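The values are calculated or read from the model by the stated rules, or taken from the named source; none is laboratory data. Since we're looking at a predicted model, the values are computed, not measured. Here the Cβ is made from the backbone with ideal geometry for all residues, glycine too, and neighbour counts use every protein chain on show.
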Protein chains: 2
Amino acid sequence: MAHLTAGVEYGIHCLLWLALERDTSLSSRDLADLQGVSPSFVAKLFPKLEKAGIVVASNGLRGGYRLARSAARITLLDVVDAIEGPKPLFDCQEIRGRCAVFDGALPRWATNGVCAIHAAMLRAEQAMRESLAATTLADIADTVGRKAPASFSQAVTAWVGGRTDARSARRGTRGRG
Amino acid sequence: MAHLTAGVEYGIHCLLWLALERDTSLSSRDLADLQGVSPSFVAKLFPKLEKAGIVVASNGLRGGYRLARSAARITLLDVVDAIEGPKPLFDCQEIRGRCAVFDGALPRWATNGVCAIHAAMLRAEQAMRESLAATTLADIADTVGRKAPASFSQAVTAWVGGRTDARSARRGTRGRG
């Protein structure tokens with residue numbers, strides 16, 4: 001098992017589609033079906049992304065989710081923090097203060113300042129966070145865009161349009177029924 | 001909950017005591033009692049540290065664990081890898097190949113090279129690993145050593161000696177019984 005959950009992977013992929021289709025709102029169901037992943041799992045991610053201010057939701061037939069700001073201003077760190085919550089690399093339990101030699105009379109020096117192990121872990125965590133903050137959704141979308149032929153984004157737009165039209169048709173049928 | 005388990009914290013603390021008491025072997029029970037932590041939990045860490053070549057075990061009345069090499073040649077990354085095993089930051093499930101638009105006919109470009117999300121995660125993981133590899137047990141022992149009075153290491157050595165002597169006395173009593 002990895003340190004980051006599958007939710008981070010699914011969340012970033014979903015947001016990349018929203019970056020590609022920036023003029024259209026997409027439902028979490030559309031995003032799940034487009035990617036061939038579990039709709040119920042994807043549905044649970046979006047309240048977190050909305051709460052973090054990464055996406056905005058709209059209602060109605062053409063409603064769904066859109067990016068709340070430019071993809072160039074959404075970093076991988078923003079998405080990881082939104083999905084995973086405040087999860088540190090290391091949880092210091094201050095073991096240093098429990099040493100049997102102190103025999104219950106903890107000297108001041110023993111727990112003065114941040115534990116040296118914790119400090120080293122905080123440096124490693126910061127290095128990881130800085131690296132995640134250095135990559136935006138736009139950077140990743142550019143990399144994918146350089147690989148994909150122009151026909152691909154047209155095919156995606158057509159697929160998304162088909163979904164919205166099908167929804168409209170179903171509502172119309174129900175309205176007439 | 002943190003990304004790294006409590007085993008990493010306990011493991012590093014134990015190894016620091018072995019670095020301090022480098023002329024003496026210590027049992028996992030001694031190390032647990034010295035730190036006021038669970039002996040059964042600490043006992044489970046040492047086979048991992050031994051397998052990774054960080055400690056060596058010896059038998060007998062004065063047996064136990066010692067560092068397998070100088071504390072200056074054991075990094076925090078060595079300990080994290082030994083305790084946590086091969087746990088990546090991110091587990092790429094290659095979602096990019098499942099896009100509904102491909103309709104089962106996956107084009108070559110779609111999964112060519114490493115996924116751009118995965119590549120960014122690998123960079124973040126590498127930044128974290130490099131930071132952990134830059135700190136050795138000797139660095140941490142030096143930081144602690146600058147804070148602790150000389151009497152502290154003498155008190156620890158006396159505590160450890162007392163444990164070994166008590167073990168010898170018990171064996172002697174049993175031998176006479």
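Looking across region A:16-26, the residues that are part of a helix (DSSP H, G or I), more than 10 Å from every other protein chain (Cβ to nearest Cβ) and in contact (Cβ under 8 Å) with a residue 60 or more places away in the chain come down to A:Ala19, A:Leu20.
Taking only pairs six or more apart or across chains, which ones have beta-carbon atoms under 9 Å, a first residue in region B:32-45 that is without any contact (Cβ under 8 Å) to a residue 60 or more places away in the chain and of a type outside the set (A, V, I, L, M), and a second residue that is in a loop (DSSP other than H, G, I, E, B) and surrounded by 13 or more Cβ atoms within 10 Å (Cβ to Cβ)? Close Cβ pairs (under 9 Å, with a partner that is in a loop (DSSP other than H, G, I, E, B) and surrounded by 13 or more Cβ atoms within 10 Å (Cβ to Cβ)) amount to B:Gln35/A:Cys99; B:Gly36/A:Cys99.
Mind checking whether some residue in region B:66-77 is among the small types (Gly, Ala, Ser), more than 9 Å from every other protein chain (Cβ to nearest Cβ), part of a helix (DSSP H, G or I) and out of contact with any His (no Cβ under 7 Å at 6 or more places or on another chain)? Yes, region B:66-77 contains at least one residue that is among the small types (Gly, Ala, Ser), more than 9 Å from every other protein chain (Cβ to nearest Cβ), part of a helix (DSSP H, G or I) and out of contact with any His (no Cβ under 7 Å at 6 or more places or on another chain).
At positive phi and modelled with pLDDT of 95 or more, is that true of A:Gly53?
yes
Each residue in region A:93-132 was checked for being within 7 Å of chain B (Cβ to nearest Cβ) and outside any helix (DSSP H, G or I), and 3 of them qualify. Taking (1) modelled with pLDDT of 90 or more; (2) facing chain A (nearest Cβ under 9 Å) in turn, B:Ile83 satisfies each apart from (2).
Across region A:30-47, not a single residue is classified as within 19 Å of A:Thr136 (Cβ to Cβ), within 14 Å of chain B (Cβ to nearest Cβ) and not in a helix (DSSP H, G or I). Going by what's in this entry, would B:Ala133 be described as surrounded by 15 or more Cβ atoms within 10 Å (Cβ to Cβ) and within 21 Å of B:Pro86 (Cβ to Cβ)? Answer is yes for this residue. Of everything listed in (1) of a type in the set (A, V, I, L, M); (2) touching a residue at least 24 places away in the same chain (Cβ under 8 Å); (3) over 19 Å from A:Thr136 (Cβ atoms), the single unmet condition for A:Leu77 is (3).
Quick grid of which residues meet (1) within 13 Å of the chain's Cα centre (by Cα); (2) crowded, with 22+ Cβ neighbours inside 10 Å:
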site: B:Glu50; (1), (2): yes, no
site: B:Gly53; (1), (2): yes, no
site: B:Val56; (1), (2): no, no
site: B:Arg62; (1), (2): no, no
site: B:Arg69; (1), (2): no, no
site: B:Ile74; (1), (2): yes, yes
site: B:Leu77; (1), (2): yes, no
site: B:Ala82; (1), (2): yes, yes
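Within region A:49-63, the set of residues being touching a residue at least 40 places away in the same chain (Cβ under 8 Å) and either of a type in the set (A, V, I, L, M) or outside any loop (DSSP other than H, G, I, E, B) (or both) comprises A:Val55, A:Leu61. Within region A:148-163, the set of residues being in a helix (DSSP H, G or I) and either hydroxyl-bearing (Ser, Thr, Tyr) or surrounded by 14 or more Cβ atoms within 10 Å (Cβ to Cβ) (or both) comprises A:Ser151, A:Phe152, A:Ser153, A:Ala155, A:Val156, A:Thr157, A:Trp159, A:Val160, A:Arg163. Scanning region A:133-147 for residues that are modelled with pLDDT of 95 or more, at the interface with chain B (Cβ under 8 Å from one of its Cβ atoms) and assigned to a helix (DSSP H, G or I) gives A:Asp139, A:Ile140.
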